[in-house]
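These notes concern the structure reproduced below.
Read the figures in this text as sums done on the coordinates, not as results from a lab. For clarity, every value in this text was computed on a predicted model and none was experimentally measured. In this analysis, Cβ positions are derived from the backbone assuming ideal geometry, glycine residues included, and neighbour counts consider all displayed protein chains.
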Amino acid sequence: MFVYLDNSATTRPYDEVIDVMSKIQRENFGNPSSLHTLGVEAEKYLKNARKSLSASLGASENEVYFTSCGTESDNMALLGLCKNRRHIGKKIITTSVEHPAVLEPVKYLESIGFKIEYIGVDRNCRIDIKKLEKAITEDTVMISVMSVNNETGTIFPIDKIGALKDKFNKEHGTDILFHTDAVQAFGKIPISVNGNYSSVDLISVSSHKIHGPKGVGGLYIKKNVNIPSLVLGGGQEKNMRSGTENTAGIGGFGTAIDLAFSGFDDRLKTIEDVRSLLLTGLKDQIADIIINSPQDETACPSVLNVSFMGTRGEVLLHTLEQDGIFVSTGSACSSNKKGQSHVLSAMGLSVKEIEGAIRFSFSEFNTKAEIEYVVEKVKNAVKRFRKLGSFR
Ligand code: PLP
């Protein structure tokens, strides 16, 4: 059996995405800036994808920009914004469990004089909103908090943080902006800039987490928020990101958004069902495990992080691979593949709990039969290791 449970690292592209990308490469390969029909045909894909991306967020078409990945969107938001706002203040508020796509630009900003306040998390990766409220000062230029954590699936209270920011700005006459890395949330939880995300100024998303191609991202920048471009040149993407557009990639991303959002509720139901089946199966059949993901309304159904005490996650991962099961020990997108998860450390897990941690992440392609197979194989593998005792 082949069971792919590493969907937070990346997802299998929809067949329709592959088809549209191959059509664009073969037939509509014109430069979207060219004036002839080939160019106009190529430009149509960009326009349609922009419509799809903006509609999926409840934004208007001129508020969304295509980038080369979620990482670039995060960099563009953080570096661009802070570059423009040095005269306003020096403080940036973020969390200790952000993806490196946020943590690294933030470290760079620290090296050029910004002060960073990292808000810590509890045992299930939840922040204390009161601590964040206290951290907001008149010297703050930006708050950047992820929407869903990539290792645990914890949903962050973006609406509440946005409301705090708005309240502070109103009372103090400040202009603090709020960015969220929504790479793991996009297509998994409802996001609307007219609703729960109305106080968010910048939103980063990525195509390959929702069955689109790798190497394409998006950035929402609220109307009237000005950030300078980091890539200068021919003025593509309304001057925000120069460079001939990745037409096939963006066309594929647009198709992925259309498919993912047209079946949003059904997809979510499937994902919730498989996660819940796995959670129950593991809890019922394997002793001495710790569920690191939340088990209440702050849990995004796409991720389940579990520590199997007395095992090593990395060894478990390779054993499961032999049974055709693909999981992760932590964030596969991180360059620090050998290091211990900074997220699980920030949550206060012991070294042994971190060593035994496995991240299962789901998509609508997973089935009940797959999960039953996985529970059985994980049970056997854990039993074998614990019996041998060589992994303690
Ligand atoms: N932010 C989060 C929370 C992620 O999980 C990832 C990738 O896993 C990224 C950013 C980076 O996205 P991309 O791979 O498109 O650069």
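Tabulated data
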quantity: Ile116-Gln285 FRET efficiency (beta carbon distance; Förster radius 35 Å; 0.05 resolution); calculated: 0.20
quantity: Net charge dipole size for segment 237-392 [Lys, Arg +1 and Asp, Glu -1 on Cβ; Debye, nearest 20]; calculated: 820 debye
quantity: Relative contact order (%) - criterion: Cα under 8 Å, at least six apart; region: segment 225-264; calculated: 23 percent
quantity: Net lengthening on full extension, Asp296/Gln25 (0.36 nm per residue, minus Cα-Cα); calculated: 93.1 nm
quantity: Reachable aspartates and glutamates from Lys387, criterion Cα separation under 14 angstrom, eight or more residues apart if same chain; calculated: Asp288
quantity: Using a Förster distance of 45 Å, the FRET efficiency for Lys368-Lys47 (Cβ separation, nearest 0.05); calculated: 0.65
quantity: Between helix 15-27 and the chain: long-axis angle, C-alpha atoms, 0 to 90°, nearest 10; calculated: 40 degrees
quantity: Contact order normalised by residue count of segment 74-150, Cα under 8 Å, 6+ apart, percent; calculated: 44 percent
quantity: Estimated FRET transfer efficiency (Lys131, Asn194; beta-carbon r; R0 45 Å; 0.05); calculated: 0.95
quantity: Aspartates and glutamates whose Cα lies under 13 Å from that of Lys238, excluding same-chain neighbours fewer than 8 positions away; calculated: Glu61, Glu63
quantity: With at most 12 neighbouring Cβ atoms within 10 Å, loop GluC sites (Glu not before Pro) (DSSP) excluded, longest segment of the chain; calculated: 139-296
quantity: Derived scalar couplings ³J(HN,Hα) [segment 283-299; Karplus, 6.51 cos²θ - 1.76 cosθ + 1.60; whole Hz; x for Gly, Pro]; calculated: 5, 6, 9, 10, 7, 6, 10, 10, 8, 8, 7, x, 10, 10, 5, 8, 9
quantity: Among beta bridges that DSSP assigns inside the chain, antiparallel share in %, nearest 5; calculated: 55 percent
quantity: Label-to-label distance, nm, for residues given as Lys214 and Ala163 (7 Å Cα→Cβ offset); calculated: 4.1 nm
quantity: Computed [θ] at 222 nm, helices only, for the chain once each DSSP H run of length n ≥ 4 contributes -39500 (n - 2.57); calculated: -12500 deg cm²/dmol
quantity: Debye, to nearest 20: dipole size of the chain, +1 on Lys, Arg Cβ, -1 on Asp, Glu Cβ; calculated: 820 debye
quantity: Choice from Tyr45, Tyr220, Tyr108 showing the highest fluctuation, given a GNM over the chain with Cα pairs closer than 10 Å; calculated: Tyr108
quantity: Rounded tilt (10° steps) of 37-57 against the dominant C-alpha axis of the chain; calculated: 60 degrees
quantity: Cross-link reach list, lysines versus Lys83, counting only Cα pairs under 16 Å and skipping chain neighbours closer than eight places; calculated: Lys91, Lys107, Lys115
quantity: The chain: mean projected area of Cα convex hull, nm²; calculated: 19.3 nm²
quantity: Net lengthening on full extension, His87/Lys269 (0.36 nm per residue, minus Cα-Cα); calculated: 60.8 nm
quantity: Relative contact order (percent, whole number), the chain, Cα cutoff 8 Å, 6+ residue spacing; calculated: 24 percent
